[in-house]
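Asks: The following block contains the structure, expressed as structure tokens.
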Amino acid sequence: MPLNLVLIADTHVPKRAKDLPGPVWRAVESADVVFHAGDWVEAALLDEFERRSRRLLGVYGNNDGPDLRRRLPATTTTTLDGVRFAMVHETGQAKGREQRCEALYPEADVLVFGHSHIPWDTVSPKGLRLLNPGSPTDRRRQPSCTFMEAVVDGGRLAEVRLVEVRRD
């Protein structure tokens with residue numbers, strides 16, 4: 001049975017937005033598993049994600065204070081239908097990212113990360129898939145705000161889709 005995932009990062013609520021747009025919340029509520037790669041900003045947003053998600057995996061980011069750091073790890077791992085995921089907020093500069101992350105996460109098949117607000121989907125030379133969903137609230141130099149949806153099916157990451165966020 002396929003697992004539907006939502007990958008999200010850098011929500012920055014309430015600094016960049018008062019709340020997440022409706023389409024983002026609807027995706028969170030319908031997903032089997034939600035990954036949040038940090039920069040929540042306030043614990044109230046984590047509470048809301050916990051309330052609306054069937055299963056939530058999260059890490060803290062550089063903009064998350066002591067209250068969030070007490071509740072969330074810097075990195076986390078999980079295995080879904082045989083696919084090994086790792087998640088962290090920051091991976092450093094883009095140059096050399098794939099090789100650096102291979103060394104840091106040798107047991108992972110997929111690494112979810114955030115921080116840059118720039119969507120990223122690459123595969124390292126040894127096969128590590130690196131995914132950054134961008135930000136649903138702060139596009140920075142990107143054409144639009146984004147998050148990702150993915151499907152794990154049959155022991156593999158079967159589909160990854162970058163979703164542009166449209167305001168309600």
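Asks: Tally the DSSP beta bridges in the chain and give the antiparallel ones as a percent, rounded to 5. Present the calculation step by step, with values, prior to reporting the outcome.
Replies: Values: 23 of 37 bridges.
Just about 60 percent of them are antiparallel.
Asks: Highest GNM mean-square fluctuation, the chain, Cα pairs closer than 10 Å: which of 119, 136, 106?
Replies: It is 106.
Asks: Which net charge results for the neighbourhood of residue 40, defined as the other residues with beta-carbon distances under 15 angstrom from its beta-carbon, given Lys and Arg at +1 and Asp and Glu at -1?
Replies: -3
Asks: Continuing with the same structure: Top mean-square fluctuation among 123, 13, 112, Gaussian network model of the chain, C-alpha springs under 10 Å?
Replies: 123
Asks: Turning to a different aspect of this structure: Which aspartates and glutamates, on any chain, are close to residue 95 with Cα under 17 Å apart, when same-chain ones fewer than 8 places away are left out?
Replies: 121
Asks: In debye, nearest 20, what is the charge dipole magnitude of the chain about its Cα centre with +1 on Lys and Arg Cβ and -1 on Asp and Glu Cβ, if you could check?
Replies: The calculated dipole for the chain is roughly 340 debye.
Asks: Residue separation times 0.36 nm, minus the C-alpha to C-alpha distance between residue 30 and residue 15: what's the value?
Replies: Length difference between fully extended and current span is 2.8 nm.
Asks: Could you work out [θ]222 nm for the chain from helices alone, using -39500 (n - 2.57) per DSSP H run of at least four and dividing by all its residues? Round to the nearest 500 deg cm²/dmol.
Replies: That calculation yields -5500 deg cm²/dmol at 222 nm.
Asks: Okay, next question. Please get the size of the charge dipole for the stretch 1-100, origin at its Cα centre, with Cβ charges of +1 on Lys and Arg and -1 on Asp and Glu, quoted in debye to the nearest 20.
Replies: 160
Asks: I'd like the distance separating the alpha-carbon centroids of the stretch 110-156 and the stretch 69-97, in whole Å.
Replies: Using only Cα atoms to place each centre, the spacing works out to 12 Å.
Asks: Could you check the simple spin-label distance between residue 76 and residue 3, using points 7 Å along Cα→Cβ, in nm with one decimal?
Replies: Taking the simple label geometry, residue 76 and residue 3 are separated by 1.2 nm.
Asks: Here's something else I'd like to know. If you fit an axis through the alpha-carbon atoms of helix 43-52 and take the longest principal axis of the Cα set of the chain, what angle between them do you get, 0 to 90°, nearest 10?
Replies: Roughly 70 degrees between the two axes.
Asks: Hey, another quick one. Where does each of 8, 118 land when they are ranked from fewest to most other beta-carbon atoms within 10 angstrom?
Replies: Details: 8 30, 118 16.
In increasing order of surrounding Cβ atoms, one gets 118, 8.
All of the numbers you see were taken from the coordinates with simple rules; none came from a lab. None of the values given here were measured: they were computed from a predicted structure. Note that we place each Cβ from the backbone using ideal geometry, even for glycine, and neighbour counts take in every protein chain shown.
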